[in-house]
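The values are calculated or read from the model by the stated rules, or taken from the named source; none is laboratory data. Here the structure is a predicted model, which is why all the values come from computation and not from measurement. Cβ: placed from backbone, ideal geometry, glycine included. Neighbour counts: every protein chain shown. The accessibility values were calculated without ligands, DNA or RNA, using every heavy atom of the protein model including side chains. Shrake-Rupley method; radii C 1.70, N 1.55, O 1.52, S 1.80 Å.
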Amino acid sequence: MAEKTNTQGGGTWSADRLPDFGGRTVVVTGANSGIGLTATDALARAGAHVVLAVRDTERGRAAAAAVHGSTEVRRLDLADLASVRSFAEDWQGPLHLLVNNAGVMMLPRQHTKDGFEMQFGTNHLGHFALTNLLLPHITDRVVTVSSGAHRWGGARIDFDDLDLAANYTPQRAYARSKLANLLFTLELQRRLTESGSPVRALAAHPGYAATNLQSHAASPVLRAFMRIGNRFFAQDDRAGALPTLYAATEDLPGASYVGPDGLGEMRGAPTLVGRSRAAGDPLTARRLWRVSEELTGTHFPLAQDEQAGV
């Protein structure tokens, strides 16, 4: 993998600089393609035992066969809370790192098995439930993959229309789900800190990375535009995975957000990046957490009681 300049600490940063993960276990959701598969391979090469948490286990096994290191494939459908619970209930032993990588992008209106708008339900609620259910096992950190799309159109969480029944567009739904990822990370870190847990929650985004995620966009015109962009402007999935790997291994403060350092954060080396004002609003983050608990039936497991109004 080509080295990338690291503006945070000087010199260069690449997957070759990952620490020794020997004896550590990692879960990567959506690990059978794109930056999820690339991150899986890098972590396995560093010595980790990587669990590929995927909806299609046949595709997952084919992907695992190409990974250089110790792997395991387990079924996880983030659009089905019963599947999320089953995955978590089967988990035994410590989990060093959870990478919430899987996602769907700009789909026509669809709903999860539990009746949630598909992008919000998969990208946010599925990972919200998974993280809370696995948190008693996690020993180091949770990295959630967001996107620069969280800024699109002044994205916000409309608590009166979480299903976007009044004004659904594929772009609006995707932007909102990526905003939710950042708000989730912010509130998760606050709760971890208050509970005295050493676990850290961080977020990352790949910039404009050429993956198959864009191929599911609702509009054929948009799919064609993205194919052109993937070919001529995007960085490859190896470079796109670097922010995730950087967030997963570097000594960064909790709630940090990592992305490329290039123009518009589209490509470049991993570095700390900013976020929209909406993504840094602690009150919205707390409200989203409470609503997400109600919708998923899962709760932060490291503290029994919360102060009124939290």
Checklist entry - Can you tell me which residue in the range 172-217 is surrounded by the most Cβ atoms within 10 Å (Cβ to Cβ), limited to those that are assigned to a helix (DSSP H, G or I) and at pLDDT below 95? => result 213
Item to check | Residue check, residue 74 closer than 22 Å to residue 94 by Cα, without any contact (Cβ under 8 Å) to a residue 40 or more places away in the chain and charged (D, E, K, R) | outcome: yes
Checklist entry - Can you name the residue in the range 247-299 that is assigned to a helix (DSSP H, G or I) and in contact with a Gly (Cβ under 8 Å, 6 or more places away or on another chain) and, of all such residues, is farthest from residue 130 (Cα to Cα)? => result 264
Checklist outcome for this item: The correct count of residues that are aromatic (Phe, Trp, Tyr) and open to solvent by 50 Å² or more (accessible area, probe 1.4 Å) in the range 145-161 is 1
Item to check | Single condition residue 142 does not satisfy, out of (1) open to solvent by 20 Å² or more (accessible area, probe 1.4 Å); (2) of a type in the set (A, V, I, L, M); (3) touching a strand residue (DSSP E or B) at 6+ places or on another chain (Cβ under 7 Å) | outcome: (1)
Next on the checklist: So, in the range 235-246, how many residues would count as being assigned to a helix (DSSP H, G or I) and either closer than 18 Å to residue 193 by Cα or among the charged types (D, E, K, R) (or both)?
Outcome noted: 2
Checklist entry - Of the residues that make up the range 30-49, is at least one at pLDDT 95 or above, over 18 Å from the mean Cα position of the chain (by Cα) and farther than 24 Å from residue 127 by Cβ? => result yes
Next on the checklist: Given the condition of a type in the set (Val, Ile, Thr) and in contact with a strand residue (DSSP E or B) (Cβ under 8 Å, 6 or more places away or on another chain), answer yes or no: does some residue in the range 111-124 qualify?
Outcome noted: no
Checklist outcome for this item: How many residues of the range 270-301 are open to solvent by less than 30 Å² (accessible area, probe 1.4 Å) and in contact with a helix residue (DSSP H, G or I) (Cβ under 7 Å, 6 or more places away or on another chain)? The answer is 11
Next on the checklist: Here is a check on your reading of the model: is residue 151 assigned to a loop (DSSP other than H, G, I, E, B) and closer than 29 Å to residue 262 by Cβ?
Outcome noted: no
Checklist entry - What is the number of the single condition among (1) in a helix (DSSP H, G or I); (2) farther than 23 Å from residue 263 by Cβ; (3) open to solvent by 40 Å² or more (accessible area, probe 1.4 Å); (4) not acidic (Asp, Glu) that residue 168 does not meet? => result (1)
Checklist entry - Where residues in the range 282-292 are touching a residue at least 40 places away in the same chain (Cβ under 8 Å) and not hydrophobic (A, V, I, L, M, F, W, C), which of them is nearest to residue 150 (Cα to Cα)? => result 284
Checklist entry - Can residue 242 be described as modelled with pLDDT under 55 and either surrounded by 14 or more Cβ atoms within 10 Å (Cβ to Cβ) or touching a His at 6+ places or on another chain (Cβ under 8 Å) (or both)? => result no
